[in-house]
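As structure tokens, the structure follows; a few thoughts come after it.
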Ligand code: UCC
Ligand code: FAD
């Protein structure tokens with residue numbers, strides 16, 4: 001006391017202990033399942049060394065740019081200093097660097113170069129998986145860019161979109177373009193068919209002028225966009241509903257005074273997360289557009305984009321889980337509580353292990369959908385593959401979107417109070433995860449999409465599902481360590497079959513009530529089979545077996561459990577409504 005009393009001025013005494021922060025290491029090297037999966041399916045040295053190099057770059061360089069994107073969010077400048085309307089969306093230098101990097105690394109291009117044949121999509125998506133949590137949400141414009149390229153390619157690369165296609169899929173940063181996906185209007189984002197008010201007025205040169213209001217447009221600094229509108233006839237009339245929707249391609253350009261041509265940016269959205277990228281409300285005021293689809297085939301034609309963006313969404317979901325687990329397990333080696341490191345508290349490690357099981361399940365499910373996409377695109381897909389891809393795309397998107405929120409939330413808790421502190425960068429992971437179940441089709445909308453694709457295929461997609469899931473179990477026959485898991489999946493499959501057969505005889509509305517639980521059951525059972533199959537691979541580890549066993553301990557078939565409890569009985573909707581509005 002005497003010594004300090006003699007010092008008139010002194011720094012604040014805040015103690016000598018400072019906690020080590022969690023360290024992001026190369027996400028490729030840190031991920032045993034990712035490397036195991038690739039050794040099994042894509043052992044090409046070029047792919048593996050590129051992924052490893054990229055993982056190093058993500059950890060040492062890109063992650064900081066991602067943080068910069070978060071700290072310098074985009075802003076909208078409506079007017080220039082002399083009052084002229086410019087609607088400039090100002091983005092950070094880091095956001096621009098992400099664009100160049102995306103081109104250089106081929107993050108869209110890889111899917112179109114197809115250097116690894118049917119495994120090209122797996123390779124591309126693994127790269128995006130490493131990139132996503134450090135990308136400052138640049139994965140969002142990349143998803144839409146990939147989706148736009150896919151739509152253009154599947155419709156046919158006409159001269160009007162030839163340049164766009166080559167720019168969307170290039171590796172040259174100076175020519176790389178990104179695309180938007182403008183579907184949502186104020187009346188509805190799920191129900192696009194009744195929500196779309198935008199009209200397309202035919203011009204004498206064969207082009208169209210679009211007039212309407214797009215309520216959510218993300219990464220609005222895009223160079224081009226795909227969007228939906230209703231073509232007006234000579235009297236100005238349009239066709240209502242889905243049959244009136246047509247798909248358009250438009251370029252976002254400026255006149256010589258710097259004004260956006262045919263667009264006014266109303267405002268930028270003030271969002272919970274995804275703050276790194278601009279999401280705007282746009283008035284389309286005579287935007288020049290090129291008709292891409294036949295009139296009235298808008299929804300069916302943009303469906304290819306939805307498939308791609310929903311797969312990207314699932315990659316981002318699995319990647320967010322992987323990132324939080326990676327950081328949390330590193331932190332557990334650094335933080336001490338009650339006299340030992342967190343990793344030595346068995347209950348804490350159990351928590352991490354449960355997160356790891358979810359992450360592994362999500363990863364395998366997403367990769368399997370990428371595998372199917374790759375097969376379809378390289379012309380080797382069987383009818384079974386195509387049906388499976390159609391069914392599993394909404395299933396994987398809806399399931400991983402929800403998983404990501406749960407796992408990332410649990411992950412933040414692993415850092416205690418620090419997980420809640422903005423300047424650690426951790427809360428952003430949760431804020432960004434929350435959107436994954438909303439955009440690109442909410443959980444319920446995708447559950448209904450599952451029902452629709454089952455009905456439209458006369459059950460063929462389910463036939464593919466049951467056949468393939470069963471075949472995944474074949475490799476485990478006689479593997480005693482996996483028997484409990486195999487039995488669970490086997491049981492779930494027969495219960496699911498019985499449920500589906502029984503549901504066909506029920507009153508209308510029965511399946512609608514069961515839709516979400518059915519989608520979850522399809523996801524959990526399929527993932528169980530994938531984990532079992534992976535655990536039987538010759539390079540698999542004891543942890544792969546353990547993961548499969550743990551995954552299959554949960555209720556794989558909630559739709560059957562809830563059916564037994566009468567959850568979809570005809571009396572339920574009225575009871576639900578009475579409860580909700582009690
Ligand atoms: O949210 C958005 C962008 C966010 C940023 C991007 C992030 C990407 C991830 C990045 C990660 C970081 S863009 C907005 C997304 N909006 C949606 O997803 C809309 C959600 N609503 C639906 O999905 C609905 O189910 C609708 C809009 C598709 C329903 O419309 P309709 O007109 O009622 O649909 P129908 O009648 O069921 O289908 C019309 C046609 C049918 O084909 P035909 O006429 O040949 O029988 C369907 O088979 O479209 C076909 N179709 C599909 N085909 C409909 N959905 C699909 C599908 N999913 N796959 C294949
Ligand atoms: P609604 O359709 O009003 O849904 C509200 C609720 O009702 C949901 O829970 C939904 O599941 C439920 N619901 C609706 N219909 C049914 C039904 N039949 N049965 C059961 N439940 C139902 N859109 C774009 O087009 N381009 C973009 O770039 C874009 N970027 C976005 C960025 C962000 C950050 C966000 C949050 C959204 C973005 N969107 C974009 C919009 C997004 O796609 C929509 O918000 C989404 O599709 C949901 O539509 P909605 O908001 O109209 O919700």
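Structure notes:
- Residue match in the range 424-431 (condition: free of Cβ contacts under 8 Å to residues at least 12 places away in the same chain and more than 20 Å from the chain's Cα centre (by Cα)): no
- In summary, residue 444 fulfils each of the numbered conditions (1) within 12 Å of ligand 1 (Cβ to nearest atom); (2) within 30 Å of residue 67 (Cα to Cα); (3) surrounded by fewer than 24 Cβ atoms within 10 Å (Cβ to Cβ) with the single exception of condition (2).
- The range 312-345, residues that are away from ligand 2 (no atom under 16 Å from the Cβ) and under 30 Å from residue 449 (Cβ atoms): 315, 318, 319, 321, 322, 323, 324, 325
- The range 183-201 residues that are farther than 20 Å from residue 219 by Cβ and touching a residue at least 60 places away in the same chain (Cβ under 8 Å), paired with ones that are within 13 Å of ligand 1 (Cβ to nearest atom) and in a loop (DSSP other than H, G, I, E, B) (beta carbon under 6 Å, 6 or more apart): 193/241
- Residue within the range 253-275 that is touching a helix residue (DSSP H, G or I) at 6+ places or on another chain (Cβ under 6 Å) and either within 14 Å of ligand 1 (Cβ to nearest atom) or free of Cβ contacts under 8 Å to residues at least 12 places away in the same chain (or both) present: yes
- Inter-residue pairs, beta-carbon under 6 Å, first without any contact (Cβ under 8 Å) to a residue 24 or more places away in the chain and in the range 131-157, second more than 10 Å from ligand 1 (Cβ to nearest atom) and in a helix (DSSP H, G or I), 6+ apart: 157/165
- Taking residues in the range 392-404 that are under 10 Å from residue 311 (Cβ atoms) and touching a residue at least 40 places away in the same chain (Cβ under 8 Å), and partners anywhere that are within 11 Å of ligand 1 (Cβ to nearest atom) and not in a helix (DSSP H, G or I), the pairs with Cβ atoms closer than 9 Å and at least 6 places apart or on different chains are 397/440; 397/441.
- Verdict on residue 508 being in a loop (DSSP other than H, G, I, E, B), within 16 Å of ligand 2 (Cβ to nearest atom), over 27 Å from the mean Cα position of the chain (by Cα) and over 23 Å from residue 33 (Cβ atoms): yes
- Complete set of residues in the range 253-280 that are surrounded by 19 or more Cβ atoms within 10 Å (Cβ to Cβ) and either within 16 Å of ligand 2 (Cβ to nearest atom) or in a helix (DSSP H, G or I) (or both): 263, 265, 274, 275, 276, 277, 278, 279, 280
- Residue tally, condition surrounded by 17 or more Cβ atoms within 10 Å (Cβ to Cβ) and in contact (Cβ under 8 Å) with a residue 40 or more places away in the chain, over the range 164-180: 10
- Residue in the range 216-225 that is at pLDDT 95 or above, within 14 Å of ligand 1 (Cβ to nearest atom) and within 17 Å of residue 301 (Cα to Cα) present: yes
- Figure legend. Inter-residue proximity from the range 6-22: first residues farther than 30 Å from residue 342 by Cα, second residues modelled with pLDDT under 80 and surrounded by fewer than 10 Cβ atoms within 10 Å (Cβ to Cβ), beta-carbon distance below 8 Å, spacing 6+ or different chains. Indicated pairs: 10/4.
- Hey, residue 353 part of a loop (DSSP other than H, G, I, E, B), over 21 Å from residue 55 (Cβ atoms) and modelled with pLDDT of 95 or more or not: no
- The requirement of being under 24 Å from residue 543 (Cα atoms) and either more than 31 Å from the chain's Cα centre (by Cα) or modelled with pLDDT of 95 or more (or both) is not satisfied by residue 494.
- Members of the range 203-223 that are more than 9 Å from ligand 2 (Cβ to nearest atom) and assigned to a strand (DSSP E or B): 208, 209, 210, 211, 212, 213
- Looking only at the range 77-100, and only at residues there that are assigned to a helix (DSSP H, G or I) and without any contact (Cβ under 8 Å) to a residue 40 or more places away in the chain, the one that is surrounded by the most Cβ atoms within 10 Å (Cβ to Cβ): 97
- Residue within the range 315-328 that is over 25 Å from residue 37 (Cβ atoms), crowded, with 16+ Cβ neighbours inside 10 Å and in contact with a helix residue (DSSP H, G or I) (Cβ under 9 Å, 6 or more places away or on another chain) present: no
- Any helices (runs of 4 or more DSSP H) falling wholly within the range 404-486 and containing at least 2 residues that are more than 26 Å from residue 137 (Cβ to Cβ) and within 16 Å of ligand 2 (Cβ to nearest atom): 443-456
- Residue 513 meets each of the listed conditions (1) over 27 Å from residue 304 (Cα atoms); (2) surrounded by 15 or more Cβ atoms within 10 Å (Cβ to Cβ); (3) modelled with pLDDT of 95 or more; (4) more than 14 Å from ligand 2 (Cβ to nearest atom) apart from (4).
- Residue in the range 315-328 that is within 30 Å of residue 263 (Cα to Cα) and modelled with pLDDT of 95 or more present: no
The values are calculated or read from the model by the stated rules, or taken from the named source; none is laboratory data. Since the model is a prediction, treat every value here as computed from it, not as a measurement. For neighbour counting, all protein chains shown are included, and Cβ atoms are generated from backbone atoms with ideal geometry for every residue, glycine included.
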